[in-house]
């Protein structure tokens, strides 16, 4: 299943901007939205031409964020570029729910979003003040709003342990925000969250999924049926 380069993240970035009244960035060879001062995931820019790293970093206006690059530029001291791999899958109903020492559920209540953010921020490094932003995102895009964004949380012995998110756009499920607390790793929680994401997509009649993985996450997604599609350089600003 070929998926247009970063189409789902672009759509999610725009939806987040609508929820958070973000600032649009439109420069020659670069576009996107800046939606937060506290969480780099909420600020994503997309290059359509080759950029100098300093220009890409400057476009974030001093905020943490991602800049998806066209090609890997020459290195620049103090700036971090990683390789992400866009992976895609055609979904099929699993034989049975995955067995694990925990429970996976959709985020619905205020307590749920608080638990979700506690894990996400601990692993991903978002500042505590992004908590309110995620509450607003869930209200606007979650089940009580547009219903385009599904947040998932895994708990072990009722304690929040891992997170995931699925954004639905034009018949494709985009998977994001998969984090697991270090002490909870090795229990199959990430795989269970991927499985729950697929079930939620299939329940909506969506059988195509896409994600952008780092090298550490690729094996988990490959076991879930994802195939490498293309590599994309990514500037990370913390």
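Filtering 32, 22 for residues that are crowded, with 17+ Cβ neighbours inside 10 Å, outside the structural domain of residue 188 (by TED's automatic domain parsing), on the phi > 0 side of the Ramachandran plot and modelled with pLDDT of 95 or more leaves a single hit, 32.
Out of 34, 79, 51, which single residue is over 16 Å from the mean Cα position of the chain (by Cα) and either under 25 Å from residue 145 (Cβ atoms) or touching a residue at least 60 places away in the same chain (Cβ under 8 Å) (or both)?
It is 79.
Residues are listed down the side, and each one gets a yes or a no for (1) within 21 Å of residue 125 (Cα to Cα); (2) touching a helix residue (DSSP H, G or I) at 6+ places or on another chain (Cβ under 6 Å); (3) modelled with pLDDT of 95 or more:
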{"position": "198", "(1), (2), (3)": "no, no, yes"}
{"position": "208", "(1), (2), (3)": "no, no, yes"}
{"position": "219", "(1), (2), (3)": "no, no, no"}
{"position": "234", "(1), (2), (3)": "yes, no, yes"}
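Within the span defined as the stretch 220-230, every residue fails to be within 15 Å of the chain's Cα centre (by Cα) and closer than 25 Å to residue 14 by Cα.
Here is a yes/no grid of residues against (1) modelled with pLDDT of 95 or more; (2) surrounded by fewer than 21 Cβ atoms within 10 Å (Cβ to Cβ); (3) assigned by TED's automatic domain parsing to the domain that holds residue 42; (4) touching a strand residue (DSSP E or B) at 6+ places or on another chain (Cβ under 8 Å):
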{"site": "96", "(1), (2), (3), (4)": "no, yes, no, no"}
{"site": "109", "(1), (2), (3), (4)": "yes, yes, no, no"}
{"site": "117", "(1), (2), (3), (4)": "yes, no, no, no"}
{"site": "131", "(1), (2), (3), (4)": "yes, yes, no, no"}
{"site": "138", "(1), (2), (3), (4)": "yes, no, no, yes"}
{"site": "143", "(1), (2), (3), (4)": "yes, yes, no, yes"}
{"site": "150", "(1), (2), (3), (4)": "yes, no, no, yes"}
{"site": "155", "(1), (2), (3), (4)": "yes, yes, no, yes"}
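Would you mind stating whether residue 210 is out of contact with any strand residue (DSSP E or B) (no Cβ under 6 Å at 6 or more places or on another chain), on the phi < 0 side of the Ramachandran plot, outside any loop (DSSP other than H, G, I, E, B) and in contact (Cβ under 8 Å) with a residue 12 or more places away in the chain? Against the criterion (out of contact with any strand residue (DSSP E or B) (no Cβ under 6 Å at 6 or more places or on another chain), on the phi < 0 side of the Ramachandran plot, outside any loop (DSSP other than H, G, I, E, B) and in contact (Cβ under 8 Å) with a residue 12 or more places away in the chain), residue 210 does not qualify. Evaluating residue 173 against the criteria (1) out of contact with any helix residue (DSSP H, G or I) (no Cβ under 6 Å at 6 or more places or on another chain); (2) over 26 Å from residue 38 (Cβ atoms) leaves one unmet condition, (1).
Going by what's in this entry, would residue 69 be described as without any contact (Cβ under 8 Å) to a residue 40 or more places away in the chain, outside the structural domain of residue 209 (by TED's automatic domain parsing) and either crowded, with 19+ Cβ neighbours inside 10 Å or over 28 Å from residue 207 (Cβ atoms) (or both)? Criteria not met by residue 69.
From 117, 33, 127, which residue is farther than 30 Å from residue 223 by Cα and in contact with a helix residue (DSSP H, G or I) (Cβ under 6 Å, 6 or more places away or on another chain)?
33
Within the stretch 103-114, the residues that satisfy the criterion of being in contact (Cβ under 8 Å) with a residue 40 or more places away in the chain and touching a helix residue (DSSP H, G or I) at 6+ places or on another chain (Cβ under 6 Å) are 104, 107.
If only one of 61, 47, 105 is surrounded by fewer than 19 Cβ atoms within 10 Å (Cβ to Cβ), touching a strand residue (DSSP E or B) at 6+ places or on another chain (Cβ under 9 Å) and at negative phi, which one is it?
Working: 61 fails: at negative phi; 47 fails: surrounded by fewer than 19 Cβ atoms within 10 Å (Cβ to Cβ).
After applying the criteria, what remains is 105.
With respect to residue 186, determine if the residue is outside the structural domain of residue 45 (by TED's automatic domain parsing), on the phi > 0 side of the Ramachandran plot and out of contact with any strand residue (DSSP E or B) (no Cβ under 8 Å at 6 or more places or on another chain). Here the answer is yes, as residue 186 does meet what is asked.
If you go through the stretch 1-19 and pick out every residue that is farther than 16 Å from residue 172 by Cα, in contact (Cβ under 8 Å) with a residue 40 or more places away in the chain and buried (at least 16 other Cβ atoms within 10 Å of the Cβ), you end up with 2.
The values are calculated or read from the model by the stated rules, or taken from the named source; none is laboratory data. Keep in mind that what you see is a predicted model, and the values were worked out from it rather than measured. FYI the Cβ positions are ideal-geometry reconstructions off the backbone, even for glycines, and counts take in every protein chain you see.
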